[in-house]
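Chemist: First the structure, then my questions, so here it is.
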Amino acid sequence: MVRILNNIKALILTNSRSYPRIITRRLNSSDATAKQIDVNKIRNFSIVAHVDHGKSTLADRLLEITGTIKPGVENAQVLDQLQVERERGITVKAVTASLNYTYNNETYLLNLIDTPGHVDFSNEVVRSITACQGVIMLVDANEGIQAQTVAVYSLAKKNNLLIIPTLNKVDLPRANPAKVKAQLQSLFNIKPESVMTISAKRGWGVKELLEAVITRIPPPSVDTKGDFRAHVIDTWHDKYRGVLCLVYIHSGTVQVGQAVKWKSDMKPLTVKFLAMLRPSEEPVEEAVAGQVVMVGCGPKAGGRVGDQLLAKEVGNDDEGTSVPPVKHMVYAGIFPADQSQHPQLNDAIKKLALNDSAVTVTPDSSPALGQGWRIGFLGLLHLEVFTQRLLQEYKAEAILTAPSVPYKVKVKGAKAIKQYKGDEVIVTNPLLLPDVKNIEEYYEPFVIGTIITPVEYIGAVTTLCHDRRGTPLPSNAVDDNMTMLQYILPLSEVVIDFHDTLKSITSGFASFDYQDYGFHPSALVRMDILINGMLVDELSTIVHTSRLEWNARRLTEKLKEQIPRQMVQVAIQAVVGGKVLARETLKAYRKDVTAKLYGGDVTRRKKLLKQQAEGKKKMRSIANIRIPRDTFIDVLKR
Ligand SMILES: Nc1nc2c(ncn2[C@@H]2O[C@H](COP(=O)(O)OP(=O)(O)OP(=O)(O)O)[C@@H](O)[C@H]2O)c(=O)[nH]1
């Protein structure tokens with residue numbers, strides 16, 4: 001027990017704020033440095049799977065077999081280092097581990113990239129895949145193919161990666177490898193004899209799988225003689241060394257002390273830190289094309305995901321692999337709980353955004369909530385994880401506004417087109433919607449949703465998709481009991497609670513994943529809220545016409561509940577283009593609220609006056625109606 005605890009202790013971060021991705025103790029000094037490894041002995045691969053199908057457990061076993069960690073640390077989940085990952089039992093960040101393995105008397109360098117399973121973090125998967133030549137596609141032999149298996153399969157195919165189909169959890173009594181092999185054949189045309197079977201938990205078949213990685217996945221096809229070029233697949237911040245980057249070298253070699261530059265910036269830099277991640281840092285003097293290594297160029301050297309690190313001599317042309325740009329699915333406002341905490345939160349968001357390259361941060365301000373930021377996320381789980389990490393890793397408390405999806409509008413009129421630098425405007429905040437009279441057409445983001453469900457729930461799932469404005473695509477049988485349904489769905493109907501509702505109507509048996517389907521024309525309008533005839537900017541939303549009435553009623557009722565009674569009657573109206581859709585009236589307050597300020601001793605009176613003044617500061621005054629800041633937060637929250 002003590003040994004196990006020590007083992008875990010050694011692996012867990014000592015200070016996750018300054019070392020988000022690195023284990024500071026060296027676990028294993030390697031016998032094969034980059035120089036001794038030729039490119040034909042490198043394999044870059046990733047493990048992809050539906051959530052909970054066992055990626056992190058398999059990664060632990062691979063680390064054990066290759067001697068990187070000691071065996072027997074059950075559920076160590078060495079690659080899941082973030083506190084949120086351990087608490088939620090999910091992988092959020094993709095991490096790399098360079099492993100040595102001897103096969104047929106030859107030592108191979110295997111770069112394993114662990115990837116997250118949840119649909120929100122597919123960005124991390126896409127990024128990892130740009131450095132890989134093959135993937136282990138894990139499928140739980142008990143659950144069978146799930147929606148995300150379909151998504152990762154298509155992604156791997158699209159990127160021309162070699163796929164090693166692997167059934168996991170074959171130790172479970174209810175595992176049915178034959179059935180799942182048949183599913184793989186029917187959906188993806190995968191031959192049953194090419195499918196590996198393992199139990200990541202027990203270690204069964206893991207050695208054979210590792211050998212399949214060596215024999216089936218090709219070495220990286222790179223130019224070892226050319227000038228140094230690498231692209232960044234991850235970045236994180238280190239308190240002492242500044243920005244550290246994980247790069248995939250696709251040409252030449254890099255050495256400590258070498259002169260380099262960013263493609264985006266061209267300022268001369270020097271490589272100060274170079275290390276393999278095993279997953280602890282192992283400093284190296286040199287790394288060659290085909291390798292995935294950590295590079296740091298000093299505290300002020302910058303670096304961001306998707307950028308390229310080049311040898312000083314390389315021109316600023318367009319050659320080389322780039323990482324696909326991130327598409328944000330939801331945007332939300334983040335504000336400090338108190339404006340005095342703005343600088344601290346600003347610092348925390350900056351640092352976290354560096355590690356989580358999938359977010360975009362732009363300054364935002366609101367009369368009610370003060371100065372803040374508008375942040376783009378990949379999905380709701382991503383948003384939750386981001387705020388949880390802000391709190392846990394940076395002790396920064398933040399207020400979140402209602403998440404909304406980005407919309408697109410086509411503007412008309414020369415003046416408007418000039419103002420928006422083109423006739424298409426992406427609207428990430430309903431407040432920034434161009435004037436209605438300048439809008440020619442509205443566009444809404446759509447996704448293709450894949451649902452795998454037991455056949456008995458097809459009716460319920462179809463109703464749900466129909467209610468969410470879905471358009472069906474042809475469906476496919478997975479086997480006798482399971483079906484794959486596909487729908488084109490508006491993103492706004494999917495991001496908030498679609499997954500939870502689907503799980504509850506199918507007793508947890510259906511799985512869901514979605515892929516971007518771009519912007520398409522849609523009947524959208526901007527709905528405003530008036531308080532005694534005055535517009536409250538913060539409460540404007542973009543709504544589909546079929547949802548107008550419901551939204552109008554819900555918002556006005558919620559506001560009536562939240563706004564405290566005032567000396568005058570308050571009319572709360574939801575309007576679209578001057579037409580009132582819903583109205584609630586808050587009756588006037590009759591009691592003499594200042595009565596308690598008279599009489600009593602002077603100190604008590606002063607205290608009450610001070611409290612009242614502080615309370616007023618937190619109010620937003622609209623048409624002489626004082627609305628507490630908390631009301632906005634409560635109403636804007638989901
Ligand atoms: N019985 C059995 N359980 C397994 C096996 N492999 C993984 N598990 C269990 O399945 C659960 C999920 O495993 P993880 O390795 O966390 O799954 P994951 O795919 O990394 O999950 P995400 O990181 O959230 O995507 C854990 O409780 C594991 O202990 C196996 O071979 N047999």
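Chemist: If a residue has to be assigned to a loop (DSSP other than H, G, I, E, B) and charged (D, E, K, R) to count, how many in the range 390-429 make the cut? Outline the logic, then answer.
Modeler: Step one: filter the range 390-429 for residues assigned to a loop (DSSP other than H, G, I, E, B), giving 395-397, 401-403, 405-406, 412-413, 420-423, 428-429.
Now drop any that are not charged (D, E, K, R), which leaves 395, 397, 412, 421, 423.
Result for the range 390-429: 5.
Chemist: Determine if the range 495-516 includes at least one residue that is closer than 30 Å to Lys418 by Cα, in a strand (DSSP E or B) and not assigned by TED's automatic domain parsing to the domain that holds Glu143. Even if it seems obvious, please write down each step before you answer.
Modeler: Going residue by residue through the range 495-516, those that are closer than 30 Å to Lys418 by Cα are 516.
Keeping just the survivors that are in a strand (DSSP E or B) gives 516.
Going one step further and asking which of them are not assigned by TED's automatic domain parsing to the domain that holds Glu143, we end up with 516.
Within the range 495-516, one or more residues are closer than 30 Å to Lys418 by Cα, in a strand (DSSP E or B) and not assigned by TED's automatic domain parsing to the domain that holds Glu143.
Chemist: Here is a follow-up. Could you grab me the full set of residues in the range 190-208 that are within 15 Å of the ligand (Cβ to nearest atom) and either part of a strand (DSSP E or B) or without any contact (Cβ under 8 Å) to a residue 12 or more places away in the chain (or both)?
Modeler: If the condition is that a residue be within 15 Å of the ligand (Cβ to nearest atom) and either part of a strand (DSSP E or B) or without any contact (Cβ under 8 Å) to a residue 12 or more places away in the chain (or both), then Met196, Thr197, Ser199, Trp204 are the ones that fit.
Chemist: Something else now. Condition check: assigned to a helix (DSSP H, G or I) and farther than 18 Å from Ile198 by Cβ. Does Gln148 satisfy that? Working first, answer last.
Modeler: Numbers: assigned to a helix (DSSP H, G or I): yes; farther than 18 Å from Ile198 by Cβ: yes.
Yes, satisfied.
Chemist: Further, regarding this structure: Counting only residues that are of a type in the set (A, V, I, L, M, F, W, C) and either modelled with pLDDT under 90 or in a loop (DSSP other than H, G, I, E, B) (or both), how many does the range 277-293 have?
Modeler: If we filter the range 277-293 for residues that are of a type in the set (A, V, I, L, M, F, W, C), which is where we start, we get 277, 284, 287-289, 292-293.
Now restrict to residues that are either modelled with pLDDT under 90 or in a loop (DSSP other than H, G, I, E, B) (or both): 277, 284, 289.
Selection size over the range 277-293: 3.
Chemist: Another question, then. If we keep just the residues of the range 525-540 that are more than 21 Å from Glu440 (Cβ to Cβ) and touching a residue at least 60 places away in the same chain (Cβ under 8 Å), which is surrounded by the most Cβ atoms within 10 Å (Cβ to Cβ)?
Modeler: Going residue by residue through the range 525-540, those that are more than 21 Å from Glu440 (Cβ to Cβ) are 529-539.
Narrowing the set further to residues that are touching a residue at least 60 places away in the same chain (Cβ under 8 Å) leaves 531-534, 536-539.
Working: Ile531: 21, Asn532: 16, Gly533: 10, Met534: 12, Val536: 21, Asp537: 13, Glu538: 19, Leu539: 24.
Only one residue fits best here, namely Leu539.
Chemist: From Thr450, Thr387, Thr462, grab the single residue that is under 26 Å from the mean Cα position of the chain (by Cα), outside any strand (DSSP E or B) and among the hydroxyl-bearing types (Ser, Thr, Tyr). Before the answer, list the steps.
Modeler: Numbers: Thr450 fails: outside any strand (DSSP E or B); Thr462 fails: under 26 Å from the mean Cα position of the chain (by Cα).
Unique residue meeting the criteria: Thr387.
Chemist: Keeping to the range 123-155, report how many residues are over 26 Å from Lys503 (Cβ atoms) and either away from the ligand (no atom under 16 Å from the Cβ) or under 19 Å from the mean Cα position of the chain (by Cα) (or both).
Modeler: Within the range 123-155, residues that are over 26 Å from Lys503 (Cβ atoms) and either away from the ligand (no atom under 16 Å from the Cβ) or under 19 Å from the mean Cα position of the chain (by Cα) (or both) number 8.
Chemist: Hey, another quick one. Hey, could you check the range 214-249 for residues that are among the polar types (S, T, N, Q) and under 19 Å from Val295 (Cα atoms) and say which is farthest from the chain's Cα centre (by Cα)?
Modeler: Step one: filter the range 214-249 for residues among the polar types (S, T, N, Q), giving 215, 221, 224, 235.
Retained after the next criterion (residues that are under 19 Å from Val295 (Cα atoms)): 224, 235.
Numbers: Thr224: 34, Thr235: 15 Å.
Restricting to residues being among the polar types (S, T, N, Q) and under 19 Å from Val295 (Cα atoms), the top hit is Thr224.
Chemist: For the range 305-322, give me the residue count where each residue is β-branched (Val, Ile, Thr) and either buried (at least 21 other Cβ atoms within 10 Å of the Cβ) or at pLDDT 65 or above (or both).
Modeler: Taking the range 305-322 and keeping what is β-branched (Val, Ile, Thr), we get 305, 314, 321.
So of that shortlist, the ones also either buried (at least 21 other Cβ atoms within 10 Å of the Cβ) or at pLDDT 65 or above (or both) come out as 305, 314.
Here the count works out to 2.
Chemist: Regarding the range 209-228, can at least one residue be identified that is surrounded by 15 or more Cβ atoms within 10 Å (Cβ to Cβ), within 16 Å of the ligand (Cβ to nearest atom), farther than 30 Å from Ser251 by Cβ and assigned by TED's automatic domain parsing to the domain that holds Asn160?
Modeler: yes
Chemist: So how many residues does the range 369-393 have that are surrounded by fewer than 19 Cβ atoms within 10 Å (Cβ to Cβ) and either of a type in the set (Lys, Arg) or closer than 12 Å to Leu345 by Cβ (or both)?
Modeler: Within the range 369-393, residues that are surrounded by fewer than 19 Cβ atoms within 10 Å (Cβ to Cβ) and either of a type in the set (Lys, Arg) or closer than 12 Å to Leu345 by Cβ (or both) number 3.
Chemist: Out of Asn160, Asn168, Asn142, which single residue is more than 30 Å from Asp307 (Cα to Cα), at pLDDT below 95 and among the polar types (S, T, N, Q)? Quick ask: steps written out before the conclusion?
Modeler: Values: Asn160 fails: more than 30 Å from Asp307 (Cα to Cα); Asn168 fails: at pLDDT below 95.
Going through Asn160, Asn168, Asn142 in turn, the sole match is Asn142.
The values are calculated or read from the model by the stated rules, or taken from the named source; none is laboratory data. Values in this document were obtained by computation on a predicted structure and should not be read as measured data. Reconstructed Cβ throughout: ideal geometry from the backbone, glycine too, with neighbour counts over all protein chains shown.
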